[in-house]
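Working notes, beginning with the structure itself.
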Amino acid sequence: KLNNINRIYYDLNEIINNPIDNISILPLENNIYEWHGNMRVSDKCNKFYGICLHFILKLNEFYPKTPPKIELCTPISHKYVFKNGKHICSDLLEESEWSIYSEKNKKYTGWTCAYTISSFLIQLYSFIFDYNFILEKEINI
């Protein structure tokens, strides 16, 4: 458990010393396993421009071996967000052994303990708000 706590503090230090554009997040004062954050879209060309998405990131005692859980507090209409706009469907949020056999052997599928909270949030932001990805899905490229 000590390694788990040390890793979480390492991730926190990374976020404090290297802030991420358009993303802010910190753990609760009394619970290092629960973090609250916001993502905002400042690109005027993005269909989500102006949105501020509040979310809760939850870690467990097995982090970073297991992925964090994300709860969206701000509902959003997105192709890969379900349950009233609060649940994100992404293999990034799944352990690497989550999928059918044919997917297990694919590179870059699922969670890896090499991700930090910072790198995870950058990928999540891109997944939700990437303008080119949204356009491709909307016009079926």
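The values are calculated or read from the model by the stated rules, or taken from the named source; none is laboratory data. Everything numeric here is computed off the predicted structure, so don't read it as measured data. Here the Cβ is made from the backbone with ideal geometry for all residues, glycine too, and neighbour counts use every protein chain on show. These accessible areas exclude ligands, DNA and RNA; they are computed on the full protein's heavy atoms, side chains included. Shrake-Rupley method; radii C 1.70, N 1.55, O 1.52, S 1.80 Å.
Before moving on, here are some points about what is shown:
- The set of residues in the stretch 34-82 that are among the small types (Gly, Ala, Ser) and free of Cβ contacts under 8 Å to residues at least 12 places away in the same chain comprises GLY50, SER77.
- Boolean, PHE48 is more than 18 Å from PHE120 (Cα to Cα), in a loop (DSSP other than H, G, I, E, B) and hydrophobic (A, V, I, L, M, F, W, C): yes
- ASN3 meets the conditions (1) outside any loop (DSSP other than H, G, I, E, B); (2) modelled with pLDDT under 95; (3) in contact with a Leu (Cβ under 6 Å, 6 or more places away or on another chain) in every case but one. The failed one is (3).
- Looking only at residues in the stretch 84-141 that are of a type in the set (Ser, Thr, Tyr) and open to solvent by 80 Å² or more (accessible area, probe 1.4 Å), the one that is modelled with the highest pLDDT is TYR108.
- Residue count for the stretch 6-33, restricted to those that are closer than 17 Å to ASN60 by Cα, without any contact (Cβ under 8 Å) to a residue 24 or more places away in the chain and part of a strand (DSSP E or B): 4
- For the stretch 20-34, the candidate set comprises residues that are polar (S, T, N, Q) and farther than 16 Å from SER118 by Cβ; within that set, the residue that is surrounded by the most Cβ atoms within 10 Å (Cβ to Cβ) is ASN31.
- LYS79 being basic (Lys, Arg), more than 15 Å from the chain's Cα centre (by Cα) and farther than 18 Å from ASP130 by Cα: no
- Of the criteria (1) open to solvent by 40 Å² or more (accessible area, probe 1.4 Å); (2) at pLDDT 90 or above, which one GLY37 fails: (1)
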